[in-house]
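All remarks here apply to the structure that follows.
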Amino acid sequence: MQLFLDTTDVAVLKDMAATGLVDGVTTNPSLIAKSGRNMLDVIGEICAVVEGPVSAEVAAADTAGMLDEGRRLSTIAPNVVVKVPLTRDGLIATREFAREGILTNVTLCFSASQALLAAKAGASYISPFIGRLDDHGADGMDLITEIRTIYDNYGFDTEILAASIRTPAHVAQAAMVGADCATIPPDVFQALFKHPLTEKGLDQFLKDWAKTGQSIL
Ligand code: E4P
């Protein structure tokens, strides 16, 4: 399973990429706004840090505008994936991007039927939003399961990118039901390393080791 970081914070990204565990990055207009920086600069810097896919989202709502913006974004670096909203216009743009060989991440997916259309349009990635569905009273993980079934039934190669991840449990559950990737906010990514029993166990091991008076080197 590929793990992406959902961030526009380049310093945080560099720190986490040093673990060798960050396979890619996703961004969205809200995260660009939060950074307070120029989008093209931020995406360029991110692409210099990670070799894997970096999603950069279009801001236009119409197909022609999405195509113009997506083509521009795709010139930033070879690993840019153009993020397109799951609308009628967005899927028409997705189909054209696929024809042109531009990778796409179709975002804001909240139903299995939307995901089916995105795959038929040739999306490289589909982003079902787990946390926002949970907030809405549904079970986001059920959506991942449904999409997995549909894509496997028909051999679609669109990758399922679990998004709107809120907890380490979301990551584990998405992996269990067959998501290809998950995009994770930095605080949740940090939490993936941790378990109270790991900390407690290590503390005890180190105390006992100190009592031996030994040194490995
Ligand atoms: C995914 O590509 C989105 O950027 C992100 O996962 C949205 O997460 P949120 O619902 O926490 O804003």
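Here are the numbers for the structure shown:
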quantity	calculated
Qualifying position, being more than 16 Å from the ligand (Cβ to nearest atom) and at pLDDT 95 or above, among 74, 124	74
Search result, residues across the stretch 19-41 that are β-branched (Val, Ile, Thr) and open to solvent by less than 50 Å² (accessible area, probe 1.4 Å)	22, 25, 26, 27, 32
Of all residues making up the stretch 58-73, the number that are in a helix (DSSP H, G or I) and closer than 22 Å to residue 33 by Cβ	7
Check on residue 97, more than 10 Å from the ligand (Cβ to nearest atom) and over 18 Å from the mean Cα position of the chain (by Cα)	yes
Selection within the stretch 42-57 - assigned to a loop (DSSP other than H, G, I, E, B) and either touching a helix residue (DSSP H, G or I) at 6+ places or on another chain (Cβ under 6 Å) or open to solvent by less than 70 Å² (accessible area, probe 1.4 Å) (or both)	50, 52, 53
Elements of type helices (runs of 4 or more DSSP H) contained in the stretch 109-217, each with 1 or more residues being surrounded by 21 or more Cβ atoms within 10 Å (Cβ to Cβ)	112-120, 130-135, 140-154, 168-176, 186-192
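The values are calculated or read from the model by the stated rules, or taken from the named source; none is laboratory data. Please read these numbers as outputs of a predicted model, since none were measured by experiment. Because the Cβ atoms are built from the backbone with ideal geometry, glycine has one as well, and the counts that use them run over all protein chains shown. Areas reflect the complete protein model, heavy atoms only, side chains present, ligands, DNA and RNA absent. Shrake-Rupley method; radii C 1.70, N 1.55, O 1.52, S 1.80 Å.
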